[in-house]
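Chemist: Handing you this structure, nothing more for now.
The values are calculated or read from the model by the stated rules, or taken from the named source; none is laboratory data. All values reported here derive from a predicted model rather than from experimental measurement. Heads up, the Cβs are rebuilt from the backbone with ideal geometry, glycines too, and the neighbour counts pull from every protein chain shown. Please note that ligands, DNA and RNA were not included when accessible areas were found on the heavy atoms of the full protein model with its side chains. Shrake-Rupley method; radii C 1.70, N 1.55, O 1.52, S 1.80 Å.
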Amino acid sequence: MKRAIIIGATSGIGREVAKKLLEEGWQIGVAGRREEELLTLQAASPERVSVRTLDITREDAPERLQQLIAQTGGMDLFFLSSGIGRQNPELQPAIELCTVETNALGFTRMVTAAFHYFREHRGGHLAVISSVAGTKGLGSAPSYSATKRFQNTYLEALAQLAHSRKLNIHFTDIRPGFVATAILDRTKHYPMLMKPERVAAHIVRALNRRRRVAIIDRRYAWLVFIWRLIPPWLWERMKLS
């Protein structure tokens, strides 16, 4: 039986991916900050779901990850879905620093822990939810777009490291656009908004195919293609909100 650890399974994309993997017969370990949400997920299939509370911004998160892996009986897939993001054109320091703490420091804490586990256990699959926002620096959300670019580059570096060391570790960088989750401000309109259930179906398909980079969905793939063609001098003069 394949075994997956899902960090950030209390809601949104992480929770929906957990459900999809259960449907496909996986044994899963789920983690997040809200235990009651994790227990609700476990109640649907108690014999195949292990639970552990975990906050990726805390130093004990890697230790809790190891405990969850032991509860689950091992780990073939590590799936990180924890992250935050807010528009912050006023550059409020607390928002910028909190985003960095979660999306950069917390991300690094968990991804390196998973990498070490797979290196010691002769391979595995390491997957992360990043974002199409990492394609370009967004003036409305500086730390969010910057930390997502950080995640893209970090995974690229780990993939190169694994290949150079001849480690059997696969990587998937999942880059969705706007998804109707709690991370979005519900008072605003978002173009090409996707439902978490649909996004999770795309993600599981990409995981099964071991895609290196998966932009969710085709509309956003075209958007990213166009963004990359825009020269820096023009991008910096564009008004995006």
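Chemist: Provide the FRET efficiency to the nearest 0.05 for the Glu23-Gln87 pair, computing r from the beta carbons and using R0 = 35 Å.
Modeler: Result of the calculation: an efficiency of 0.50.
Chemist: Please give the calculated 222 nm ellipticity per residue for the chain, where each DSSP H segment of at least 4 residues contributes -39500 (n - 2.57) and the sum is spread over every residue; nearest 500 deg cm²/dmol?
Modeler: -13500 deg cm²/dmol
Chemist: A further question follows. Quick check for you: with a 1.4 Å probe and neighbouring chains kept, what is the accessible area per residue of the chain, in Å²?
Modeler: Accessible surface, normalised per residue, equals 52 Å².
Chemist: What's the ranking of 25-32, 199-206 by average number of surrounding C-beta atoms within 10 Å, highest first? Walk me through the numbers on the way to the answer.
Modeler: Working: 25-32: 23.2, 199-206: 19.5.
Ranking the peptides 25-32, 199-206 by packing returns 25-32, 199-206.
Chemist: Further, regarding this structure: Take each of the peptides 44-56, 103-115, average the number of other beta-carbon atoms within 10 Å over its residues, and list them starting from the highest.
Modeler: Final packing ranking: 103-115, 44-56.
Chemist: Run down the lysines and flag those whose C-alpha is under 26 Å from the C-alpha of Lys148, throwing out any fewer than 8 positions away in its chain.
Modeler: Filter leaves Lys19, Lys20, Lys136, Lys188, Lys195, Lys239.
Chemist: Sticking with this structure for a sec: Could you check how much of the accessible area of the chain is carbon and sulfur, as a whole percent, using a 1.4 Å probe?
Modeler: 53
Chemist: Extending each Cα 7 Å along its Cβ direction at Arg165 and Met192, get the distance between those two points in nm, one decimal.
Modeler: Rounded to a tenth, the inter-label distance reads 3.6 nm.
Chemist: With a/c under 1.5 counting as rounded, go ahead and sort region 20-138 into rounded, prolate or oblate using the C-alpha gyration tensor (a ≥ b ≥ c being the square roots of the eigenvalues; past the cut-off, prolate if a/b is larger than b/c, else oblate).
Modeler: Prolate, because a/c is 1.5 or more and a/b exceeds b/c.
Chemist: Then there is this: In nm, give the distance between the simple-model label positions of Arg209 and Gln67, each being 7 Å from the Cα along the Cα-to-Cβ direction.
Modeler: My value for the distance between the label points is 3.9 nm.
Chemist: Answer with a single label: of [x] 1.04; [y] 0.96; [z] 0.92, which was calculated as Rg/Rh (Cα atoms, Kirkwood Rh) from the structure in view?
Modeler: [y]
Chemist: Lys and Arg at +1, Asp and Glu at -1: add these up for the other residues within a Cβ distance under 15 Å of Gln27 and post the number.
Modeler: With Lys, Arg at +1 and Asp, Glu at -1, the net is +2.
Chemist: With a/c under 1.5 counting as rounded, go ahead and sort region 122-241 into rounded, prolate or oblate using the C-alpha gyration tensor (a ≥ b ≥ c being the square roots of the eigenvalues; past the cut-off, prolate if a/b is larger than b/c, else oblate).
Modeler: Values: a/c = 2.18, a/b = 1.42, b/c = 1.54.
Oblate, since a/c reaches 1.5 and b/c is not below a/b.
Chemist: Quick check: net charge around Gly106, other residues with Cβ under 13 Å of its Cβ, Lys/Arg +1 and Asp/Glu -1? Before the final figure, lay out each step's value.
Modeler: Working: positive: Arg33, Arg58, Arg64, Arg109; negative: Asp55, Glu59, Asp60, Glu101.
Every neighbour counted, the sum reads 0.
Chemist: List the residues whose amide H sits under 5 Å from the amide H of Val213, counting only those 5 or more places along or on another chain, with H placed 1.01 Å from N in the peptide plane.
Modeler: Hits under the 5 Å cutoff: Asp173.
Chemist: If I stretch the segment between Glu120 and Thr108 completely, what's the gain in nm (0.36 nm per residue apart, minus their alpha carbon distance), one decimal? Don't skip to the answer; put the middle values down first.
Modeler: Working: separation 12, 0.36 × 12 = 4.32 nm, distance 1.81 nm.
Computed gain between Glu120 and Thr108 is 2.5 nm.
Chemist: Rounded, prolate or oblate: which fits region 1-77, taking a ≥ b ≥ c as square roots of the Cα gyration tensor eigenvalues, rounded meaning a/c under 1.5, else prolate when a/b beats b/c?
Modeler: oblate
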